[in-house]
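One structure is given below, encoded as structure tokens.
The numbers here are math on the coordinates, done by the rules we state, and not lab data. Here the structure is a predicted model, which is why all the values come from computation and not from measurement. Cβ placement follows ideal geometry from the backbone for every residue including glycine, while neighbour counts extend to all protein chains displayed.
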Amino acid sequence: MAETLFSKIVRREIPAEIVYENDEVLAFRDLNPQAPVHVLFIPKKTLATLNDATPADADLLGKLLLAAADYARQQGFAEQGYRTVVNCNADGGQTVFHLHVHLLAGRRLHWPPG
Ligand code: 5GP
């Protein structure tokens, strides 16, 4: 699987503010936050995009969302609310090709996004 910036974060080869970790998932603060809370949840295993996920990844995809919800509860903003987003490829605005779930919180988010 292709090397990505985020797999270097998994291996602690480049710094990141890691806020959550379990066996299969790592989460760290986005370098360019779009909300007071902006955390990226990534699989430790490299998957480039959502298009590359197969039925064998169903459990892992669920674990990414469960980790985001768990973090929101831990941090005390689950009831207030938050948004999870997965960008895919060019039109989706994906810039890092290691699948990730954005977790945004701490302000009222507009819908639809721009
Ligand atoms: P995408 O546009 O692919 O959905 O999101 C990639 C996200 O990764 C962007 O929000 C961007 O700010 C963030 N990002 C890019 N490079 C780094 C980095 O080196 N460290 C961290 N923590 N975030 C990064």
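I need to check one value: relative contact order of the stretch 5-105, counting alpha carbon pairs closer than 8 Å and at least 6 residues apart, in percent. The partial results should precede the final answer.
Details: 147 pairs, mean separation 32.3, N = 101.
Once divided by the residue count of the stretch 5-105, the mean separation gives 32 percent.
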Highest mean packing first, using Cβ neighbours within 10 angstrom, the peptides 61-67, 98-104, 40-46 sort as 98-104, 40-46, 61-67
Run the quick spin-label model on Phe97 and Gln80: label points 7 Å from Cα toward the beta carbon, then report their separation in nm to one decimal. 3.7
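Are there any GluC sites (Glu not before Pro) in the stretch 12-114 that are in a DSSP loop and have at most 14 other Cβ atoms within 10 Å? List them by number. Could you put the intermediate results ahead of the total?
Working: sites: Glu13, Glu17, Glu21, Glu24, Glu79; in loops: Glu13, Glu17, Glu24, Glu79.
When the GluC sites (Glu not before Pro) of the stretch 12-114 are filtered for loop state and at most 14 Cβ neighbours within 10 Å, Glu13, Glu17, Glu24, Glu79 remain.
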Could you give the angle, 0 to 90 degrees to the nearest 10, between helix 58-75's Cα long axis and the longest principal axis of the Cα atoms of the chain? 40
Two pseudo-spin positions, 7 Å from Cα along C-beta at Cys88 and at Asn22, lie apart in nanometres by 2.3
